[in-house]
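Take a look at the structure set out below.
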Ligand code: AMP
């Protein structure tokens, strides 16, 4: 099954994706993670993307297309993939149709997680991520036992993403509002799309997500 998880920054895409992976084995493709890897490794793509990412702006579409073309053909996605952070614009949604067609595939389910702006601001500012296993914590809502250290056996150091600083958060949310509106309109007309309430405890949100995936799987 191929899924798209659409939500604003801080909307819970990363957290929900790992829960989906644990239950259904659907591999996540996070364009944000892929871009951060390029940035860290200082590749040509990373150097180009850096200025946009640090300002909280969207990276140009042609870079995303290049990244996805390489990613989607990997063996591990043959049994399904979950797109997290892509598409973010209408142009990317249209590009995705041809990218999936090229690999004889299609999107089976689009989940839109609805979360109000004030909750996003609260969540993003307190978000911390493990350097090693990438587990996501929130210092207010689901804190680690030690604020600097991951609870998992890796015990990795927790860090705050550069673009989770207050000035950049506001810019990212504005961009999401302006660029993503037409994308949401585009998907809301499609029968594969379902909007879910993304507020409340992680597990409550996941119960809704899981029910939906199970239902779509049964109907297949
Ligand atoms: P994320 O981890 O999904 O919040 O993405 C972090 C940053 O990577 C974003 O603020 C953008 O600068 C860039 N990025 C990730 N995915 C995309 C995309 N689909 N289109 C454009 N820029 C993206």
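Judged by the gyration tensor of its Cα atoms, with axes a ≥ b ≥ c, the stretch 145-220 is oblate; a/c meets the 1.5 cut and b/c is at least as large as a/b. With a Förster radius of 35 Å applied to the C-beta separation of residue 154 and residue 101, the computed FRET efficiency comes to 0.35. From the Kirkwood radius over Cα pairs of the stretch 114-183, Stokes-Einstein at 25 °C and 0.890 mPa s returns a whole-number translational diffusion coefficient of 187 µm²/s. The percentage of C-alpha pairs in the stretch 1-119 whose separation is greater than 24 Å is 25%.
Computed extension gain for residue 140 through residue 190, at 0.36 nm per residue and net of the alpha carbon distance, reaches 14.4 nm. Backbone N atoms of the stretch 105-122 closer than 14 Å to the 7 Å Cα→Cβ label point of residue 33 are not found in any residue. Averaging Cα coordinates gives a centre for the stretch 164-220 and one for the stretch 6-38; these two points are 12 Å apart. Mean residue ellipticity at 222 nm, helices only, the chain: -15500 deg cm²/dmol; runs of at least 4 DSSP H residues each add -39,500 (n - 2.57), and the sum is divided by the number of residues.
With 0.36 nm allotted per residue and the present C-alpha distance subtracted, the residue 162-residue 41 stretch has 41.9 nm of extension available. The alpha carbon gyration tensor of the stretch 96-155 gives principal lengths a ≥ b ≥ c with a/c of 1.5 or higher and a/b no greater than b/c, which makes the shape oblate.
Determine, for 202, 136, the number of other Cβ atoms within 10 Å of each Cβ, and report the residues in order from fewest to most. All intermediate terms of the calculation are to be shown ahead of the outcome.
Numbers: 202 15, 136 18.
Ordered by Cβ neighbours within 10 Å, fewest first: 202, 136.
Converting the Cα gyration tensor eigenvalues of the chain into ellipsoid dimensions via √(5λ) gives semi-axes, longest first, of 25, 21, 18 Å.
Computed from the Kirkwood radius of its Cα pairs, the Stokes-Einstein diffusion coefficient for the stretch 139-180 at 37 °C and 0.692 mPa s stands at 265 µm²/s. In this label model, residue 220 and residue 181 are separated by 3.5 nm, measuring between points 7 Å along each Cα→Cβ vector. Going by a ≥ b ≥ c, the root eigenvalues of the Cα gyration tensor, does the stretch 40-99 fall in the rounded group (a/c under 1.5), the prolate group (a/b larger than b/c) or the oblate group? Note, shape of the stretch 40-99 comes out oblate.
Among beta bridges from DSSP that stay inside the chain, the antiparallel ones total about 35%. Per-residue extension of 0.36 nm, minus the Cα-Cα distance of residue 61 and residue 21, leaves a gain of 11.7 nm for this segment. Rg/Rh, computed from the Cα trace of the stretch 162-202 with Rh as the Kirkwood radius, has the value 1.09.
Throughout, read-outs are computed from the coordinates displayed, never taken from laboratory work. Just so you know, these numbers come straight off a predicted model, no measurement behind them. Note: ideal-geometry Cβ built from the backbone for every residue, glycine included; neighbour counts use all protein chains shown.
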